[in-house]
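A short write-up of the structure that comes next.
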Amino acid sequence: MENSVESTLSVSKKRVSLSHSHSLELELPKRVALGELTNSSNGVELSRNVHKQQPNRSSSSSSSKRKYKEDVENSPSTESTRESESGNRECKRKLKEKKENEVAIVHESSESSSVLQKCSFSSSIYEHLRSLEMEVKRRPLPKYMEDVQNDISVIMREILVDWLVEVAEEYNLVSDTLYLTIAYVDRFLSSHALSRNKLQLLGVGCMLIASKYEEISPPHVEDFCYITDNSYTNEEVVSMETEVLNFLNFEMSTPTTKNFLRVFIKSTHENGRAADLRFEFLCCYLAELSLLDYGCVQYLPSLVAASAIFLSRFLIQPEKHPWSMALQCFSGYKPTELKDCVLAIHDLHMNRRISSLQAIREKYKQHKFKHVAALSSPSEVPARYFEAINDNGLLDFQRSFEV
């Protein structure tokens, strides 16, 4: 009997001993291959300690939460607390219903004046852009080819624009860079007679400036030399860049058709309607087509953008009037004022003009642009769509306000 007790005690001692030694092994840090690091940072040691203690803390925290919940539920004041909370919820519900009723009344009373509310969106930024685009220093001459240039023709300008579209695609430049580039080119040519062998140099010089202004990572001078098949040296490109910057007086910002297009597209998304990507891409496609046409230089960027909106709405829904009182009030343009520009862009879309230059069309035939360049179009825009819009007719268009 004594032997069995002693054996049992010895086994127990061995187990305790083994358990104790095992726990010591767990607590001892492992020795790294290159020896003990005595200068380890406090942050590392602290993170290890936190990591070891975290499970205990989380379990104690959860048990504390359960204990707190049980204490609250078992407290003698629970009944009165519940009654108080119920009363507070009832008061909040009544206040919420009252506010909702007030909002509904305001909404109903404002439906009749939705057109006026739409016009109020155009206050500060839009008016500022409109004032900037009308400044003489920011506008190219409408007939600079005839009045200023001797060696450059309209066809050469069209070829340059078509090539710059390809360059922008090659270097993945944003469309703002392209619009700004063409704006610089037209303004520079309005006051500087240039030889035809320097026209491409002007194009890359202007795109270099525009990309530095618009892009996060603009192409380098060497990239623009390479894209011209090294027709120009780095020094020539930099020299042209300097000349254009001095001409602009280093005022590189100017309103473009793209700026106004963004504003108008947002204004068509009425009543929280989701954006229609096909409509947006179609507007961008038609607006870029206008860059090819020297005849569109005479139009303000805001008018070109409004014309692109008008024509896009017509191409998507030819049976509905493409304009509305909201758009008219927002843009400041009546359908009669848009007629010439709309018809010019429509001819471009129908390949009736400048059909040999296909860079923009090929660009917008891609899947990422919803193939909008392949969208069919009626051969003519009905003349009645350019007549003055009256208030009675506009109410129906405003209700449908679709794109």
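The values are calculated or read from the model by the stated rules, or taken from the named source; none is laboratory data. All figures in this text were calculated on a predicted structure; none of them were measured in a lab. No Cβ is skipped: glycine too gets one built from the backbone with ideal geometry, and neighbour counts run over all protein chains shown.
Evaluating residue 235 against the criteria (1) surrounded by 16 or more Cβ atoms within 10 Å (Cβ to Cβ); (2) more than 30 Å from residue 136 (Cβ to Cβ) leaves one unmet condition, (1).
Looking at 231, 239, which is the one that is outside any helix (DSSP H, G or I) and not charged (D, E, K, R)?
231
Would it be correct to say that residue 137 is within 27 Å of the chain's Cα centre (by Cα), modelled with pLDDT under 95 and either surrounded by 16 or more Cβ atoms within 10 Å (Cβ to Cβ) or in a helix (DSSP H, G or I) (or both)? Full working, then the answer.
On the way: within 27 Å of the chain's Cα centre (by Cα): no; modelled with pLDDT under 95: yes; either surrounded by 16 or more Cβ atoms within 10 Å (Cβ to Cβ) or in a helix (DSSP H, G or I) (or both): yes.
When the stated conditions are applied, residue 137 does not pass them.
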